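Step one of this worksheet: look at the structure below.
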Amino acid sequence: MHFDQRTPIYLQVLYWFKKRIVMGEFKRGESIPSRRALANELKIHLNTAQKVYKELEDQLLITTDRNVPSKVTLDQSIIDRARTELLENAVKQFVDSIYAIQIPLEEVIINFEKEYNIRKRSELNA
Amino acid sequence: MLEVRGLRKSYGRKKNVLNDVSFTVPLNQLTCLIGLNGEGKSTILKAIMGLVPVDAGTIKVDGKTIHDSIAFVPDLSTMPGYMSVGEAIAYMRDYYPDWNQQVAEELMGFFKLMATDRIANLSKGNKAKVNLLIGFAMNRPYLLLDEPLAGIDLFTKEQIAWIFSSHYMEGKGILMTTHEIAEVEHLIDRVIFLQNGTIIQEDDSEEMRELYGKSVQDRMREVYQT
């Protein structure tokens, strides 16, 4: 994993993790890697892994009971909320960059759809 | 916690090498002592180990003035060149009562070091690996690393960076001097900036990113280029 050195590392890993939960790579109710395994896999500090899991617990995306691996929440509405959050953040970033160069909304939408469809087709062909 | 208080040192009358240097090294953290060349970084590590005399200052670990819970990894190989890697490890194992042979063997494998290679024939990167291996195998809670990344190729740096994300870090407080931080920047917890023997700035690296959107290298530029 490549890190942006100007953004907190734990936030980048948190985002990485949320994406995987939303995409179903870490499934609802299933165990997730230990903090140590995550640190090892992403080559991050154990402290950072701990902070990420703490955040995920605070946001109710994972649950941790004593002496057993942490699990992804069973509550689909919490996962849906994370999905909405990822979408909102991505759209916000996109709008920031579009707004800065003052492109009218209609033009943005046409180009957006075009690019989206190209991407979708190339994925289907792959 | 390793606590350094009021460290002072001057060579003759000409200059203050260390001027009232105080800081702490907590367990389970990687603390980085940053400074340009000749700012007194290595002198601080040697002073902590009692290897150079100081004019004033105290070093305490959990409130006690004992040094046997600190291991020092120097920047140059201190093992005799005629020894093989295996002999050097056996020598250290006999010398240090808390030596952890399992760690030594695991790291030998991870670093792909050959027991039969002579220290004198090792590349700079491999010498640094032997030094690190010895430091971790000494099995002490605090580890002082003097420029473990200096003049080492990218892949070796990445291997060293891996150590900092591994379980070998658990329960350890690490103090590292360096000015080459690119490969380890995301692993550093705290940064202490040194200039002319004085601490001029101390930062928590995640806080620096979160509050100011700055990297450790951004901060280095600010601190040393003004």
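The values are calculated or read from the model by the stated rules, or taken from the named source; none is laboratory data. Computed from a predicted model, the values in this text were never measured in an experiment. Backbone-built Cβ (ideal geometry, glycine too); neighbour counts: all protein chains shown.
Descriptive notes on the structure:
- When B:Glu105 is tested against the conditions (1) part of a loop (DSSP other than H, G, I, E, B); (2) at pLDDT 95 or above, the lone failure is (1).
- Extreme residue, nearest to the other protein chains (Cβ to nearest Cβ), among residues of region A:4-28 that are surrounded by 16 or more Cβ atoms within 10 Å (Cβ to Cβ), without any contact (Cβ under 8 Å) to a residue 24 or more places away in the chain and not polar (S, T, N, Q): A:Pro8
- Residue in region B:157-171 that is nearest to the other protein chains (Cβ to nearest Cβ), counting only those that are of a type outside the set (A, V, I, L, M) and closer than 13 Å to B:Ala182 by Cα: B:Glu158
- Residue in region B:100-109 that is within 20 Å of the chain's Cα centre (by Cα), closer than 30 Å to A:Gln50 by Cα, exposed (fewer than 14 other Cβ atoms within 10 Å of the Cβ) and not polar (S, T, N, Q) present: no
- Answer residue from region A:29-60, given it is touching a Leu at 6+ places or on another chain (Cβ under 6 Å) and surrounded by fewer than 20 Cβ atoms within 10 Å (Cβ to Cβ) and is nearest to the other protein chains (Cβ to nearest Cβ) among those: A:Glu55
- Of the residues contained in region B:197-215, none is found to be touching a residue at least 40 places away in the same chain (Cβ under 8 Å), surrounded by 22 or more Cβ atoms within 10 Å (Cβ to Cβ), within 16 Å of the chain's Cα centre (by Cα) and more than 10 Å from every other protein chain (Cβ to nearest Cβ).
- Residue match in region B:34-48 (condition: over 20 Å from B:Phe193 (Cα atoms), in contact (Cβ under 8 Å) with a residue 12 or more places away in the chain and surrounded by 13 or more Cβ atoms within 10 Å (Cβ to Cβ)): no
- Criterion (closer than 13 Å to A:Pro69 by Cβ and either under 17 Å from the mean Cα position of the chain (by Cα) or not small (Gly, Ala, Ser) (or both)) met by exactly one of A:Tyr15, A:Tyr53: A:Tyr53
- Residue in region B:167-180 that is surrounded by fewer than 19 Cβ atoms within 10 Å (Cβ to Cβ), over 14 Å from the mean Cα position of the chain (by Cα) and within 20 Å of A:Tyr10 (Cα to Cα) present: yes
- Selected residue [within 18 Å of the chain's Cα centre (by Cα), farther than 24 Å from B:Lys172 by Cβ and not acidic (Asp, Glu)] from A:Arg81, A:Arg66: A:Arg81
- Of all residues making up region A:61-87, the number that are among the charged types (D, E, K, R), loosely packed, with under 14 Cβ neighbours inside 10 Å and closer than 17 Å to A:Pro33 by Cα: 2
- Applying a threshold of 8 Å to beta carbon distances and a minimum spacing of six or more residues, or different chains, the list of pairs starting in region A:43-71 at a residue that is among the basic types (Lys, Arg) and ending at one that is part of a strand (DSSP E or B) reads A:Lys71/A:Ser31; A:Lys71/A:Ile62; A:Lys71/A:Thr63.
- Hey, A:Ala90 part of a helix (DSSP H, G or I) and crowded, with 17+ Cβ neighbours inside 10 Å or not: no
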